[in-house]
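A.B. asks: Structure below; questions to follow.
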Amino acid sequence: MKIKIEPFLMRKGLKVAKAAIEFEEDSILAGFHLVGFTICDDPQKGLYVLFPSSLSKNQTGESKQYFFLRPDSRDLIDKLEGKIIDAYEDMIGTKR
């Protein structure tokens, strides 16, 4: 797995970059890219990642968010978020 980071030329609110995951050649997902990760920098929370998702409205007009990645545990999301943030910090030359 390789994480590709593209910084925004101009900051968009808290959003500073977008990220994608490129899958390795020996994986069944070789040649695929999982896109839709957004790296945000909040003065109070610091760096964090928004994961790919979609909003869907039901018949009553209520919105529900559906995440494209559904881990078995929160630890897996935290680990992936850490790797994405590490890749971003390596790119811009800073470390937590």
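A.B. asks: Name the residue that is nearest to ASP86 (Cα to Cα), counting only residues in the stretch 29-48 that are touching a strand residue (DSSP E or B) at 6+ places or on another chain (Cβ under 6 Å) and without any contact (Cβ under 8 Å) to a residue 40 or more places away in the chain.
C.D. replies: In this case the residue turns out to be TYR48.
A.B. asks: Scanning the stretch 34-54 for residues that are more than 21 Å from LEU76 (Cβ to Cβ) and of a type outside the set (Asp, Glu), which turns out surrounded by the fewest Cβ atoms within 10 Å (Cβ to Cβ)? Lay out the reasoning, then the answer.
C.D. replies: Within the stretch 34-54, the first condition is being more than 21 Å from LEU76 (Cβ to Cβ), and the residues that meet it are 41-44.
Keeping just the survivors that are of a type outside the set (Asp, Glu) gives 43-44.
Values: PRO43: 6, GLN44: 4.
Within the stretch 34-54, the match that is surrounded by the fewest Cβ atoms within 10 Å (Cβ to Cβ) is GLN44.
A.B. asks: Restricting the stretch 50-77 to residues that are in a helix (DSSP H, G or I) and under 19 Å from GLU22 (Cα atoms), which is nearest to the chain's Cα centre (by Cα)?
C.D. replies: My answer is ILE77.
A.B. asks: Can you give me the number of residues within the stretch 19-33 that are surrounded by fewer than 15 Cβ atoms within 10 Å (Cβ to Cβ), modelled with pLDDT of 90 or more and either assigned to a strand (DSSP E or B) or acidic (Asp, Glu) (or both)?
C.D. replies: Qualifying residue count, the stretch 19-33: 1.
The values are calculated or read from the model by the stated rules, or taken from the named source; none is laboratory data. Keep in mind it's a predicted model, so treat the numbers as computed, not measured. A quick note on method: Cβ atoms are made from the backbone with ideal geometry, for glycine too, and the neighbour counts reach across all protein chains shown.
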